[in-house]
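Notes follow once the structure below has been shown.
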Amino acid sequence: MRKERLVRTLLALLLCCVFSIEAQASKGNDLLGLKAEMLKYISSSDREKFMSVTQQLKDKSQQTGDERMYYTAWGNQAIYEATHQYYTQALAVSKEIGNYARQYNSRYGEYMALHTEAVTKLQMQDYDEAEEAFLRTVDYWHRHFPKESAAEDIQELMKIANHRRDAQAGIKYARQILAEPNVAPIHKGRALFRLSQMAYNKHDVSLFNTIYQRMDSLKHTTGIGTREPVVEVNYLILNGRYDEALKLCDQLSGTDRMERLAQIYHLKGDNDKAYEYMVKFKKMNDSIVLVSHGNVVASCYVQMNNERMKLEQELLKNDYNRLRNKYYAAIAVAVLVLLILLILQRQHRVKSLKSDNEKLDEARQVAEDALDVKNEFIANITKQLREPLNPITGFSDIMGNADYQLQPEEREAMSRHIKDSSKVLQKLIDEMAELSFYESKNALPLNGRIYPNILGNHMVDSLRTYCKEGVKMRFTSDVADDKYIISNMDGMEHLLKHLLENSIQFTDRGAITLDCRNLGDRVRFSVTDTGCGVPESRQQEIFNVFSEADDNPRLNGMGLSICQAILRHLGGRLTLDTSYTEGARFSFELPIAKG
């Protein structure tokens, strides 16, 4: 009887341990799931949903005693306000966090108040105050958390220095990141990238190769792709491998590609081509000078999305750990039950042997048979447990092991996916920057004398070659050649360019017509095509950047939204002619100058 009670006690203790492990894993997953959902909504316009999820995360964090998660959720409320340009509210939330943290003597809470204030100043493009705020944040972190890295905030200082084109400050902050304790691989990679640019600009081959080796080692030991194509091109140029560098330039985009091509051809002695690419580089570089705020916003969005993906990976890892703990617990229960059975079986066998010596041979045979049954039972249960455990353990090792070497075809597929995604992201960031530029402007200077006929012919001539085969582009007008409007030339050119490119994209046959009509005191510009047109179900949403489909935001494209933003400054409004059914027709009107 005492032995039976002991067995029941052991089983009860084991089950309590299993349930305790499961409960702890569940709590951790709940917090990470809420944090991932919060980051999902932080860049959306659904304020009510974001605040609801954030409050749930704060309440859950208080219940579990997770101080850092609590203040992180609160701090993201301030960042949400700043990201959506409610700067006064963002600073008010930061102040509220600081007061609450000081009341309850929370060092991390005070840090989060300083951090969110600095992020808000950066979003406001007040770079002097943002730099001072981040310096205070870094100093506070070093004083109160000396064993942890402040690289995340120092990285923001490096971004500010890069924006100011202050190379010396950027290098100082990059070196400071590398000197931080327990610095994350992604921050170390960005700092090394900044130093590699410095070494390349100085043409210091030895220093660059040293940094390149550190970046290569970091990539292979952490699994993070911190070595960008421009670094590879710089490496080949500095080491005199110009032909290889030329081939790799195809992986670069924008100004980086033009600048590197100019440098390579100059080093190869082909100064005509070098001059050609340097002219292209200067033209592209001049055209992107005004997109800094858009890049800051896009960087914040990308950073939030990266953090959300890391959380999702951590959730998957926790799910795996929970399953693994369940299987280990099942094995432990099976082994314990098996041991109990063996003990009881042996006791019964010994008792039988002692009570009946005359049946010794029969009892021995029974014992041998029982042993065979036991071994078969162990083999069967082990096989059944290995079937689900082997793939789970193998996949986990692959995901969690940074030293795992991918096959060439796997690496090629991943690289192709990353390149395609990068192109889409680049286009999105460029359009977001342009839209942000026009929406952030209070007004555009309307001081240019623009002749509709001259502008219309110029735009059609410059874009006609981009039409698909068989598609004609033409300009028509009944406006007198001496009639003009007073407006902004850059704005008008960008406006008509986006409208014509939109028609080019959706027109596979027929014609695209830019037309100017004299309406007395106004002139109407219209772009008409014979493309696929706009479905009736989407006519109300085409001027919005995003639309809702099954509660999921979908990107429409930003060309038409940019046109609307420009026209708000020029005094017009873009409309879709729903009566035209042969394709699509967009038009707007502007006043003709008197006199």
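Taken together, the values in this text are just the output of simple stated rules run on the coordinates, not laboratory data. On a predicted model such as this, the values are computed, not experimentally measured, just so you know. Neighbour counts are summed over all protein chains in view; Cβ atoms, including those assigned to glycine, are modelled from backbone coordinates with ideal geometry.
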Revision key, fill the gap. Debye calc, one equal point scatterer per Cα of segment 475-538, no solvent, log10 I(q)/I(0) at q = 0.16, 0.22 1/Å comes to -0.65, -1.01
Check your understanding: Amide H to amide H, which residues 5 or more places from ARG522 or on other chains are under 5 Å from it, using H placed in the peptide plane?
Key -> ILE592
Exercise for review: Could you estimate the translational diffusion coefficient of segment 25-105 from the Stokes-Einstein equation, with Rh from the Kirkwood formula over C-alpha pairs, at 20 °C and 1.002 mPa s, in whole µm²/s?
Suggested key: 166 µm²/s
Point to revise | FRET E, pair GLN55, ASP216, Förster distance 56 Å, beta-carbon r, rounded to 0.05 | key: 0.80
Exercise for review: Give, in nm to one decimal, the length gained when the segment between ASN105 and LYS594 is fully stretched (0.36 nm per residue of separation minus the Cα-Cα distance).
Suggested key: 169.2 nm
Review point. When the scattering of segment 446-595 is computed by the Debye formula from its Cα atoms alone, each counted once and equally, what is log10 I(q)/I(0) at q = 0.14, 0.15 Å⁻¹?
Key: -0.68, -0.77
Exercise for review: Determine the alpha carbon to alpha carbon distance for each of LYS247/LYS273; LYS202/LYS268; LYS283/LYS441; LYS121/LYS283 and list only those over 21 Å.
Suggested key: LYS283/LYS441; LYS121/LYS283
Point to revise | Two-site label geometry, LEU338 and ARG241: point separation in nm, points 7 Å out along Cα→Cβ | key: 5.5 nm
**Study point:** For segment 64-182, the spread of Cα positions along each principal axis, largest first, Å
**Key:** 42, 34, 19
Review point. Viscosity 0.692 mPa s, temperature 37 °C: Stokes-Einstein D of segment 107-262 from its Kirkwood Cα radius, in µm² per second?
Key: 195 µm²/s
